[in-house]
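The values are calculated or read from the model by the stated rules, or taken from the named source; none is laboratory data. Being a predicted model, the structure only gives us computed values, none of them experimental. Here the Cβ positions follow ideal geometry from the backbone for every residue, glycine too, while neighbour counts run over all protein chains shown. Side chains are part of the model used for accessible areas, which takes the heavy atoms of the whole protein and leaves out ligands, DNA and RNA. Shrake-Rupley method; radii C 1.70, N 1.55, O 1.52, S 1.80 Å.
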Amino acid sequence: MDVRALEVYLVIAAIYFALCYPLSQLLLLLERKVRSGVPLSPWRRRRLRAARALLAAEPAAGVPVKEASA
């Protein structure tokens with residue numbers, strides 16, 4: 001095998017690694033976020049934040065609230 005061919009294959013391998021490794025790390029991060037329940041789109045994040053704010057707010061007048069029995 002020619003030494004030039006080995007150099008070409010090493011360059012191709014380096015380019016492949018430079019493309020695939022960051023992509024695999026990004027997909028691993030996305031998979032962890034999805035598994036933990038974090039919405040990926042900004043629109044859904046805003047809706048989730050608004051829903052949490054509504055749930056954390058004091059209950060409206062006239063709406064019965066169950067008391068936790070201890």
Kindly indicate whether Arg47 is modelled with pLDDT under 90 and either surrounded by 10 or more Cβ atoms within 10 Å (Cβ to Cβ) or not in a helix (DSSP H, G or I) (or both). yes
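Does Val38 satisfy being at pLDDT below 90 and surrounded by 10 or more Cβ atoms within 10 Å (Cβ to Cβ)?
Values: at pLDDT below 90: yes; surrounded by 10 or more Cβ atoms within 10 Å (Cβ to Cβ): yes.
So Val38 fits the description; yes.
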If a residue has to be β-branched (Val, Ile, Thr) and either at pLDDT 95 or above or open to solvent by 100 Å² or more (accessible area, probe 1.4 Å) (or both) to count, how many in region 16-34 make the cut? 0
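Test of understanding: among Ala53, Ala13, which residue is surrounded by fewer than 10 Cβ atoms within 10 Å (Cβ to Cβ) and without any contact (Cβ under 8 Å) to a residue 24 or more places away in the chain? Talk me through it step by step, then tell me what you get.
Details: Ala13 fails: surrounded by fewer than 10 Cβ atoms within 10 Å (Cβ to Cβ).
Result: Ala53 is the single residue among Ala53, Ala13 that is surrounded by fewer than 10 Cβ atoms within 10 Å (Cβ to Cβ) and without any contact (Cβ under 8 Å) to a residue 24 or more places away in the chain.
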Taking the condition of being surrounded by 10 or more Cβ atoms within 10 Å (Cβ to Cβ) and not aliphatic (A, V, I, L, M), how many residues in region 1-10 meet it? 2
